[in-house]
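Report on the structure given below.
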Amino acid sequence: MINKRAKRKFRVRVRGKVRNQLLRRGGAAAGVALGLLLASWLFGAGIKASRRYLENRLFSFTPKSFEINCPSPDAVVFLRGLADKAVNSSLSAGRCAEIEREIKSLHPGLASVRVSRNFLTGKAAITAVPEEVVSSVLADGATAYLGVTGRLLPEKLSACGPDPFAVEIRGAQRKAPELAAFLSSLKPLSGLFYSRPLSLSCDARKWDCSFKLEDGTTVLWGGFEFTRLKILRLNEVMKDASLKAGGPLRADLRSFGEGKIFVSAAKHAVTP
C-alpha cells in the first residue's frame, strides 16, 4: 500500500518580514554597484578634464625663442623659418607633435625630429638628426640617396665622403636595407679591387648586381655575403685570366658560396 504522506509536497514559505529584508539588501547592493560604476566614470572624466585644463590653462606655453639643434645647414634654414613663425604662439604638446609631423613630411632626409619645451626658461627647441646617407644612386633614372636604413631619400642632409663608384638601381622599391648594408661594408674595401670599380648596377626585383671595372671587366656579383673574400679571390683569378685573354672579361661570382668562379670573354667586346 502506497503511503500517501510520501507523495505530499512541501513548499517553503518566507515570511513577509524576512522577504522585505532580503529585497532591501539586494536593492542596497545594486545601488552600491551602480554608485561605484558612476563614481569610476566620473573619476575618469575628471582626470581627462583636468589634463586638458592643466595643458590649456595652467601649463599653457608660449615660447620666447627657439633653439635649433641640427648638423645639416640646409635643414637649419628651414627649421629656423618654421620656428620664427611659432614664436609668441601657444605651443601645446599637440602642437609640438603637429610640427614634428610637418618637418618629417617636408624633410624625409631626417631620421628623427623632436620639438621640446622648457617651462623654466620659456624656450622651445627643435632637435633634428639627419639619416646617414650611404651612397647617391640613380633609381629608375632619377637621382636619389640611399640611407643607412635602406630608405631611398629625395635629399641628402648628412655629410658623407665622395662615392667611389656610381650605383644604379632598376625596379627601385621604397626600401633596400640589404643593399645599404652591403654598400656600407663595401665602400671601405673598394680600394682592394685589382681594377677600380666604376659602377654597380642592381635589379631590385631579384637583387642581381654587377660591377663594371676600369679595365672593362664585368663582374656578376651574386649575393651580398663574403664581400672581402670575393674581392681577394677575384683578384687572384683575374690575374691569371688576364695573362691568357686579350680582351675584356666576364667574371661570374654567383656560385661563390660553392667555391666556384667562372671567367669568360665579355660578350660584345670590341677589340681596339
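The values are calculated or read from the model by the stated rules, or taken from the named source; none is laboratory data. None of these values were measured; they are calculated from a predicted model. Every residue, glycine among them, receives a Cβ derived from its backbone with ideal geometry; neighbour counts consider all protein chains shown.
A search for C-beta distances below 7 Å between a residue of the range 91-116 that is touching a residue at least 60 places away in the same chain (Cβ under 8 Å) and under 15 Å from Val76 (Cα atoms) and any residue that is of a type in the set (D, E, K, R) and in a strand (DSSP E or B), counting only pairs 6+ apart in sequence or on different chains, returns nothing.
The listed residues are Leu234, Leu253, Leu200, and the only one of them that is in contact with a helix residue (DSSP H, G or I) (Cβ under 6 Å, 6 or more places away or on another chain), assigned by TED's automatic domain parsing to the domain that holds Asp140, among the aliphatic types (A, V, I, L, M) and buried (at least 17 other Cβ atoms within 10 Å of the Cβ) turns out to be Leu253.
Would you be able to say whether some residue in the range 165-173 is surrounded by fewer than 19 Cβ atoms within 10 Å (Cβ to Cβ), part of a loop (DSSP other than H, G, I, E, B) and at pLDDT below 95? Yes, some residue in the range 165-173 is surrounded by fewer than 19 Cβ atoms within 10 Å (Cβ to Cβ), part of a loop (DSSP other than H, G, I, E, B) and at pLDDT below 95. Each residue in the range 106-126 was checked for being more than 11 Å from Lys64 (Cβ to Cβ), loosely packed, with under 15 Cβ neighbours inside 10 Å and not hydroxyl-bearing (Ser, Thr, Tyr), and 4 of them qualify.
Screening the range 174-186 for residues that are outside any loop (DSSP other than H, G, I, E, B) and within 15 Å of the chain's Cα centre (by Cα) and picking the one that is modelled with the lowest pLDDT gives Lys175. Could you list all residues from the range 228-257 that are outside any loop (DSSP other than H, G, I, E, B) and at pLDDT below 90? Lys239, Asp240, Ala241, Ser242, Leu243, Lys244, Gly257, listed by residue number. Within the range 50-81, the set of residues being modelled with pLDDT under 90, part of a helix (DSSP H, G or I) and either surrounded by 13 or more Cβ atoms within 10 Å (Cβ to Cβ) or among the hydrophobic types (A, V, I, L, M, F, W, C) (or both) comprises Leu54, Glu55, Leu58, Asp74. If you check Thr143, Thr149 for being assigned to a strand (DSSP E or B) and among the hydroxyl-bearing types (Ser, Thr, Tyr), only one passes: Thr143.
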